[in-house]
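**Q** One structure coming up, written as C-alpha cells, with questions to follow.
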Amino acid sequence: MKKEIKTYEQAVEYILNIPKFTKKNDMSMTKAFLRELGNPEKEMKVIHIAGTNGKGSVCAYLCAVLREAGFCVGMFTSPHLVEVRERFRVNGQEIEKEQFLDLFLKIYEKLDGEYHPTFFEYMFFIAMLFFKDKKAEYCILETGLGGRLDATNSVEKKEIAIITKVGFDHMEYLGNTLREIAGEKAGILKENTPVVYFAGRKEVNEVIESEAEKKGCRTFPVVLKRDAICKNTNKSIDFSFHSRYYGYIRLALSTGARYQAENAMLAMTALEALGLNNAITKTQLKKGFEKAFWEGRMEEIKRGVFVDGAHNEDGIEAFLDTAGEDGCKGTRLLLFSAVRDKRVETMVSMLEESGLFSLIGTAPLANSRTVTAEEMKDALGQYKDCRHIFFETVEGAFEEMQRLKGEKDHLYIVGSLYLVGQVKAYMRRQTDDQF
C-alpha cells in the first residue's frame with residue numbers, strides 16, 4: 001500500500017529515501033515511463049551535457065545567454081548544494097515547493113509496483129514535467145553520472161551534445177582508464193547530432209571522434225590557449241574568442257576562476273554550432289556571459305572566504321591554478337574534506353606540494369561516505385611543511401578557520417560539493433537565526 005504524501009517535506013523525504021529500496025533500472029524501463037508521462041521532452045529543444053568537470057558551469061553559461069536573447073530556458077543540474085529544488089530552474093528561478101509536490105504526486109500516482117524510478121530518475125521526470133508546464137523552449141540537461149546509461153540519456157532527440165573535460169572520477173562505475181570513462185561520456189551522442197567537446201587528452205579525443213564518426217555527428221573540438229585570457233583578477237576574467245559568426249569577440253566573466261574561461265568557450269562554441277547567430281546579438285552574448293553565475297565554483301561567500309567544488313584531481317589542479325594567481329596580500333588557509341571514493345591521497349599531495357597554504361584544516365563531512373578523521377590524519381601526516389588542524393565538525397572548523405584568518409588572508413573551502421553545501425547550509429541557518 002502506498003504511503004500517503006501531502007506536503008513538500010514528505011515528498012522530499014520520500015525521494016531522499018528511494019536509494020534504500022531501489023536499484024538501477026534498465027534504460028528501456030526509463031524510456032517506457034517517460035512515454036507514460038507523455039514524452040514531455042519532445043516539446044522542447046534539448047541540449048545534453050556530460051563530462052567530469054565543468055558541466056554545471058557550461059549549463060549556467062548557456063542558460064544565461066539564451067535567457068538574455070529572450071528564450072524560455074529550463075535547466076536540470078546535479079547535485080544540489082543545500083536544497084533539492086536547486087536542481088530545477090526555469091529562467092534561473094527554482095521550482096516552487098507547491099509545484100514540486102504537485103509534479104511529485106503526478107509521478108507517484110502512476111507507480112504500479114512493477115517499476116519504481118531511482119532517486120535520479122524521479123528527479124529527471126520532475127524536471128521534464130516542470131519544463132513542459134513552463135513552456136520552456138530550450139531544455140538544458142546535465143548528466144548525473146557517466147552518460148550512456150544515465151537517465152537523461154533516455155531523451156532520443158537532442159539539438160546538440162556537449163562533453164566537458166574528461167578525467168578520473170566515479171571509476172567504480174565508469175571504468176579505470178580515460179578511454180573507458182570517455183566511452184561512457186560519449187554515450188550521449190545520438191545519430192547526426194553535433195557534438196562540442198573539450199579537446200584535452202589525446203585518448204579522450206580519439207574515443208569521442210570515433211563515436212561521432214559512427215553516428216554521423218559533426219564535431220566541434222574546443223581548445224583554450226592560455227594566452228586567450230586577456231585580463232584576470234580575483235573578481236573577473238576577460239578572454240578573447242574568434243567566432244565564425246561574430247568575428248573577434250572579447251567576453252567578460254564575473255568570476256576569478258580561470259577554469260571558467262574553458263567552460264564559457266564550450267558554451268560559446270555550442271551556441272555557434274546550434275546556428276543561433278541570427279537569434280543572438282553580440283550585445284546579448286556579452287551580457288549573458290557577464291551575468292552568468294554558478295554557485296560553489298570559486299564563489300566568495302564572505303570577504304576573503306571562497307568555496308570551490310573541486311573534488312577530483314582535475315578539479316584540484318584547476319583550483320590551484322586560480323588560487324595561485326588570486327592576488328592574496330596575506331597568507332592562504334584551506335579547509336579541506338572529501339568522500340572516500342575519490343583519490344584523496346593524490347588530492348592531498350597536490351594541495352600540499354603546491355606550497356600555497358600556511359594552514360590546512362579538515363573535518364569529516366556529515367555524510368556516510370566521508371573520509372574519517374583518522375584517514376585524513378594519515379593522508380596529511382607525511383607532510384611537515386604546513387600546519388594542520390583536525391576538527392570534529394565542518395561547522396566548528398569553519399568558525400575556527402574564520403577566526404584564524406587575518407584581514408588580508410584568503411580562506412578556501414575545497415574538496416567536495418558536499419563540503420560546500422554543508423558550509424552554505426550552516427551560513428543560511430546562522431542568517432535565519434538572526435531574524
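**Q** R0 = 45 Å: FRET efficiency of ARG250 with GLU114, Cβ-based, nearest 0.05?
**A** Result of the calculation: an efficiency of 0.20.
**Q** Moving on. Under 10 °C and 1.306 mPa s, how fast does segment 143-216 diffuse according to Stokes-Einstein, given a Kirkwood radius computed over C-alpha pairs? Answer in µm²/s, whole number.
**A** On the way: Rh = 12.2 Å.
Result for D is 130 µm²/s.
**Q** Right, here's the next one. Treating cross-link reach as a plain straight distance, find the aspartates and glutamates whose alpha-carbon is under 20 Å from the alpha-carbon of LYS202, omitting any fewer than eight places away in the same chain.
**A** The reachable aspartates and glutamates, counting only those whose Cα sits under 20 Å from LYS202, are ASP169, GLU180, GLU184, GLU211, GLU213, GLU262, GLU313, ASP314, GLU317.
**Q** Between segment 359-435 and segment 111-143, what is the C-alpha centre distance in whole Å?
**A** 34
**Q** Here is a further query. Report the label-to-label distance for ALA279 and GLU98 in nanometres (one decimal), using points 7 Å from each Cα along the Cα→Cβ vector.
**A** 3.1
**Q** Also, I was wondering about something else. Using the C-alpha atoms of segment 1-154, what convex hull volume per residue, in cubic angstrom, is computed? Intermediate values should be presented prior to the final figure.
**A** Details: hull volume 16.7 nm³, N = 154.
Each residue corresponds to 108 Å³ of Cα convex hull volume.
**Q** Return the loop-located trypsin sites (Lys or Arg not before Pro) in segment 353-435 (DSSP other than H, G, I, E, B) with at most 10 other Cβ atoms within 10 Å of their own Cβ; answer none if there are none.
**A** Hits after loop and neighbour filter: LYS384, LYS408.
**Q** Do any trypsin sites (Lys or Arg not before Pro) in segment 168-274 lie in a DSSP loop with no more than 16 other beta carbon atoms within 10 Å, and if so, which?
**A** In loop regions of segment 168-274 (DSSP not H, G, I, E or B), the sparsely surrounded trypsin sites (Lys or Arg not before Pro) are ARG201, ARG218, LYS225, LYS235, ARG244.
**Q** Expressed as cubic angstrom per residue, what is the convex hull volume of the alpha carbon set of segment 80-169?
**A** Dividing the Cα hull volume of segment 80-169 by its residues yields 138 Å³.
**Q** On full extension of the chain, what length is gained from ARG387 through LYS135, given 0.36 nm per residue of separation minus the C-alpha to C-alpha distance? Let's see the in-between values first.
**A** Working: separation 252, 0.36 × 252 = 90.72 nm, distance 5.41 nm.
The ARG387-LYS135 span can extend by a further 85.3 nm.
**Q** Could you give the length gained on full extension between TYR173 and ILE5, defined as 0.36 nm per residue of separation minus the Cα-Cα distance, in nm?
**A** Numbers: separation 168, 0.36 × 168 = 60.48 nm, distance 3.32 nm.
Here the segment from TYR173 to ILE5 would lengthen by 57.2 nm.
**Q** Under a cut-off of 22 Å between alpha-carbon atoms, report the lysines in cross-link reach of LYS329, not counting same-chain residues fewer than 8 places apart.
**A** Those lysines meeting the cut-off are LYS231, LYS235, LYS302, LYS405, LYS408.
**Q** Tell me, which longest segment in the chain has none of the GluC sites (Glu not before Pro) that fall in DSSP loops with at most 11 further Cβ atoms within 10 Å?
**A** Counting at most 11 other Cβ atoms within 10 Å as exposed, the longest clean stretch of the chain is 192-391.
**Q** Let me ask something additional. Can you give the relative contact order of segment 8-291 as a percent, counting alpha carbon pairs under 8 Å and 6+ residues apart?
**A** Relative contact order for segment 8-291 comes out at 22 percent.
**Q** Something else: Using the Cβ atoms and a cut-off under 13 Å, what net charge is assigned to the surroundings of GLY330, where Lys and Arg are +1 and Asp and Glu are -1?
**A** Its environment carries a net charge of +2.
**Q** Going down the list LYS3/LYS42; LYS6/LYS110; LYS55/LYS287; LYS110/LYS157; LYS31/LYS282; LYS20/LYS45, which pairs span over 27 Å between their C-alpha atoms?
**A** Result: LYS3/LYS42; LYS31/LYS282; LYS20/LYS45 exceed 27 Å.
**Q** Can you give the Rg to Rh ratio for segment 299-433, taking only C-alpha atoms and Rh from Kirkwood?
**A** On the way: Rg = 13.6 Å, Rh = 14.7 Å.
Value, to two decimals: 0.93.
**Q** If Rh is defined by the Kirkwood formula over all Cα pairs and Rg also comes from Cα, what ratio Rg/Rh do you get for segment 8-291?
**A** Ratio of gyration radius to Kirkwood radius: 0.96.
**Q** Taking the simple approach of a point 7 Å from Cα along Cα-to-Cβ for both MET29 and LYS377, what is their distance in nm?
**A** With each label point 7 Å from Cα toward Cβ, the separation is 4.4 nm.
All of the numbers you see were taken from the coordinates with simple rules; none came from a lab. Computed from a predicted structure; not experimentally measured. Positions of Cβ are backbone-derived with ideal geometry, glycine not excepted, and every protein chain shown enters the neighbour counts.
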